[in-house]
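Student: Quick one: this structure, given as structure tokens, is what I'll be asking you about.
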Amino acid sequence: MWHLGRPMLHGVGCLGGVCGACPISIRLPNQMAPKTALACQTLVAEGAEMAFLPGDASKKEIAPLPAETPNQNTLFQYYPETRRCVACGACTSICPQGIDVMASVREAMNGKLAETADRFVDCVMCGLCAAVCDVKVRPHRVGLYTRRLIGAFQENEATQLKKRIEEIGSGHYKEQWAALMEEAVH
Ligand code: SF4
Ligand code: SF4
Ligand code: FES
């Protein structure tokens, strides 16, 4: 759209597949049904039909981290509607990241916070799952909050993260970084 000179006010963010600003519905000529995807990660193809999709427009609540170890009620305090899930599967069908969103919501309903957080690792917060939920569950927000809870209260030290930070600090990736930047310039 940019190359065509069209002003884009919607669907533009990181252009790197991580911010979730650009969900689209796309149908290729040989496809029966459209699929969802992230526009910035999708190649233009001859004859493809596409439209940008609106995500979740609901107001974000302020959900602070608790002082005590979290449990199921910590989540329901801010996202009580999670318990309304009727397992229709619409959220899973629409997720451009291929997350089994419904199964993740069911884990949350059962109080399995760590499992829920783990399932949402690839979520880019596009909000499509919430936009299609008839009973107003907001799976992506549930996912993000459980990830915050688990991150803040995890008992094990993040040894791999620590190791990677040390490697970066010691210049271990200097050459790869230079090569990457060189590639980006060209
Ligand atoms: S769309 Fe809503 S009701 Fe349906 S499975 Fe997902 S969270 Fe549950
Ligand atoms: S879980 Fe929801 S917000 Fe996250 S990528 Fe999938 S559809 Fe988008
Ligand atoms: S613009 Fe950020 S994911 Fe596409």
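Student: Got at least one residue in region 4-26 being farther than 16 Å from GLY143 by Cα, surrounded by fewer than 13 Cβ atoms within 10 Å (Cβ to Cβ), of a type outside the set (Asp, Glu) and within 20 Å of the chain's Cα centre (by Cα)?
Tutor: Pass one, region 4-26, residues farther than 16 Å from GLY143 by Cα: 4-17, 21-26.
Within this subset, residues satisfying the condition of being surrounded by fewer than 13 Cβ atoms within 10 Å (Cβ to Cβ) are 4-10, 16.
Applying the additional criterion that residues be of a type outside the set (Asp, Glu) yields 4-10, 16.
Now drop any that are not within 20 Å of the chain's Cα centre (by Cα), which leaves 10, 16.
Yes, region 4-26 contains at least one residue that is farther than 16 Å from GLY143 by Cα, surrounded by fewer than 13 Cβ atoms within 10 Å (Cβ to Cβ), of a type outside the set (Asp, Glu) and within 20 Å of the chain's Cα centre (by Cα).
Student: Under the condition of being more than 12 Å from ligand 2 (Cβ to nearest atom) and charged (D, E, K, R), which residue from region 1-56 is nearest to VAL121 (Cα to Cα)?
Tutor: LYS35
Student: Got a sec? Which of GLY143, GLY151, GLY169 is more than 27 Å from ASN71 (Cβ to Cβ) and outside the structural domain of ILE24 (by TED's automatic domain parsing)? Working first, answer last.
Tutor: Working: GLY143 fails: more than 27 Å from ASN71 (Cβ to Cβ); GLY151 fails: more than 27 Å from ASN71 (Cβ to Cβ).
Of GLY143, GLY151, GLY169, the one residue that is more than 27 Å from ASN71 (Cβ to Cβ) and outside the structural domain of ILE24 (by TED's automatic domain parsing) is GLY169.
Student: Considering each of MET32, MET8 in turn, give the residue that is free of Cβ contacts under 8 Å to residues at least 40 places away in the same chain and within 15 Å of ligand 3 (Cβ to nearest atom).
Tutor: Going through MET32, MET8 in turn, just one is free of Cβ contacts under 8 Å to residues at least 40 places away in the same chain and within 15 Å of ligand 3 (Cβ to nearest atom): MET8.
Student: Please name all residue pairs, on different chains or six or more residues apart, with Cβ atoms under 7 Å, provided the first residue is in region 114-128 and is farther than 23 Å from GLN72 by Cβ and the second residue is within 9 Å of ligand 2 (Cβ to nearest atom) and among the charged types (D, E, K, R).
Tutor: Between residues of region 114-128 that are farther than 23 Å from GLN72 by Cβ and residues that are within 9 Å of ligand 2 (Cβ to nearest atom) and among the charged types (D, E, K, R), the close pairs are GLY127/ASP56.
Student: Scan region 11-29 and give yes if some residue there is of a type in the set (A, V, I, L, M) and more than 15 Å from ligand 3 (Cβ to nearest atom), otherwise no.
Tutor: Yes - at least one qualifying residue is present in region 11-29.
Student: With the requirement that a residue be assigned to a helix (DSSP H, G or I), within 16 Å of ligand 3 (Cβ to nearest atom) and touching a Ser or Thr at 6+ places or on another chain (Cβ under 7 Å), what does region 119-142 give you?
Tutor: LEU128
The values are calculated or read from the model by the stated rules, or taken from the named source; none is laboratory data. Since the model is a prediction, treat every value here as computed from it, not as a measurement. Virtual Cβ from ideal backbone geometry, glycine too; neighbours counted across all protein chains shown.
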